[in-house]
Amino acid sequence: MLTRQHGYRPPTVFEIVAAMLRHRRYLRKGYPTAKSQPALQASLLSDDPFISYSGMSGTPLGLASHMPVLPRSHRAWFLISPTWSIENISSVKTIRTYAVLHRLRNPRHTLIFLSNTQAEADLLNQSGEAAVLHNKTSTTSEHIFRPLEDVPVEFDAIYNAQLAPWKRHDLSLGIERCAFVFYRDSSGSSTTESERARINRHRELAPGHVFINEFDSTGKPVRLASAQVNMHLNRAAVGICLSEMEGPMFASTEYLLAGLPVVTTPNQGGRDLYLDDDYSLTVPPDPRSIAEAVLALKARRIPRAYIRSQTLKRVERDRGRFIDLVNEIFLESGSSRRIAMPWPFRYPVMEWLPPHIAIDRSLSGTVDAFITA
């Protein structure tokens with residue numbers, strides 16, 4: 001079986017009993033869901049066989065947590081990608097528990113976890129779950145994020161991140177000229193007041209810092225289109241990544257595809273996968289170290305085409321593994337269908353959707369992930 005190749009083992013009787021006892025209230029009420037979750041990352045890759053790709057945003061099993069309503073006779077493959085770091089025993093134990101419960105209720109469902117780091121994949125494999133390394137930022141479009149020769153460099157560095165405390169913007173205060181592209185996500189980790197306070201602090205302590213986005217009439221940052229983000233990335237010499245823990249961080253890969261070298265702090269979540277000593281520096285989380293690293297990389301004048309080409313080699317390797325996995329599912333299902341490189345999916349593979357829309361699309365067989373049907 002496909003899952004056996006990637007670390008799956010059937011649960012022991014002890015695991016089954018423990019899972020049922022731990023979550024018996026859910027078994028009485030129905031499968032655990034997160035109906036209050038405002039958005040779910042999900043796409044349907046195939047209707048026959050049923051293959052979905054979703055993020056673990058607010059639910060332990062992504063789209064699978066929302067969809068116990070598929071007929072029990074219906075085979076289904078759920079590819080599930082963490083949206084935050086799960087590189088710890090506690091998270092993996094919780095995921096294993098929910099996965100055991102899910103398969104008890106849906107024995108023809110196959111769950112495969114697409115981990116953003118090898119350590120995550122190893123932990124899931126050791127727990128008995130099928131997992132492979134696939135960093136979701138490999139879906140970043142190289143057609144949108146690219147070097148622009150006609151855009152002059154105005155800033156030492158740029159940071160593309162929501163204005164939330166865990167993004168640690170204050171670590172950039174030692175950089176003389178720094179730009180910020182920002183947004184607000186649906187988790188409520190920032191407010192108009194906290195965002196304004198952060199901007200005012202930087203204007204006071206670092207007059208050379210520029211916050212690019214405008215605010216709408218409700219006080220919410222106006223999110224820029226991807227092509228606009230790329231243009232602003234090209235205005236900077238270096239991209240910076242300052243959080244201690246998160247998911248894989250799309251901005252890191254966007255910097256690299258735009259040809260920017262990267263300064264990062266030690267972190268957990270997967271943003272390091274495409275970084276290389278040739279064009280990145282990992283430094284302690286203090287403003288002086290970060291500012292010095294930015295100037296050091298800027299002084300090296302690394303050709304943007306080189307950074308981009310080296311990154312694309314790594315990205316395409318990940319994309320190829322993903323396509324191989326989907327083709328293995330087609331083969332196991334008895335389908336004659338196959339897909340191949342170049343990358344056939346639109347960006348991003350997973351769209352942020354209200355859960356009920358993601359469910360309705362999937363149940364109706366609306367395949368939404370391919371550039372062409």
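Our summary gives segment 263-365 a relative contact order of 18 percent, counting only alpha carbon pairs under 8 angstrom and 6 or more residues apart.
Each of ALA119 and GLN5 was given a label point 7 Å from its Cα along the Cα-to-Cβ line. The distance between the two points is 2.8 nm. Taking every DSSP beta bridge that has both ends in the chain, the antiparallel portion is near 20%. Normalised per residue, the accessible area of the chain is 44 Å², obtained with a 1.4 Å probe and no contribution from ligands, DNA or RNA. Extension gain, GLU244 to LEU173: 0.36 nm times the residue separation minus the Cα-Cα distance gives 23.9 nm. Assuming charge only on the beta carbon of Lys and Arg (+1) and of Asp and Glu (-1), the dipole of the chain about its Cα centre is about 1220 debye to the nearest 20.
Close Lys pairs in the chain, defined as Cα atoms under 30 Å apart and 8 or more places apart or on different chains, number 15.
Fully extending the segment from SER309 to THR12 would add 102.2 nm, taking 0.36 nm per residue of separation and subtracting the current Cα-Cα distance. Here segment 82-228 carries DSSP beta bridges of which approximately 10% are antiparallel, counting only pairs with both residues inside. Measuring r between the beta carbons of ASP278 and THR366 and using R0 = 45 Å, the FRET efficiency lands at 0.55.
Kindly state, to the nearest 0.05, the FRET efficiency for SER189 paired with SER336, given R0 = 56 Å and r defined as their beta-carbon distance. FRET efficiency, SER189 to SER336: 0.75.
As a fraction of the 1.4 Å probe accessible area of the chain, surface on carbon and sulfur atoms comes out at 54 percent. Modelled this way, with points 7 Å down the Cα-to-C-beta line, the labels at GLU149 and ARG301 are 1.7 nm from one another.
Using a cutoff of 8 angstrom between alpha carbon atoms and counting only pairs six or more residues apart, the relative contact order for the chain works out to 21 percent.
Between GLN126 and ARG317, residue separation times 0.36 nm minus the direct Cα-Cα distance comes to 66.3 nm. Rg and Dmax of the chain, both derived from C-alpha coordinates alone, stand at 21.5, 64 Å.
The values are calculated or read from the model by the stated rules, or taken from the named source; none is laboratory data. The structure displayed is predicted, hence computed values, not measured ones. Don't worry about glycine lacking a Cβ; one is built from the backbone with ideal geometry, like all the others, and counts go over all protein chains shown. Protein only, heavy atoms only, side chains kept; ligands, DNA and RNA dropped before computing areas. Shrake-Rupley method; radii C 1.70, N 1.55, O 1.52, S 1.80 Å.
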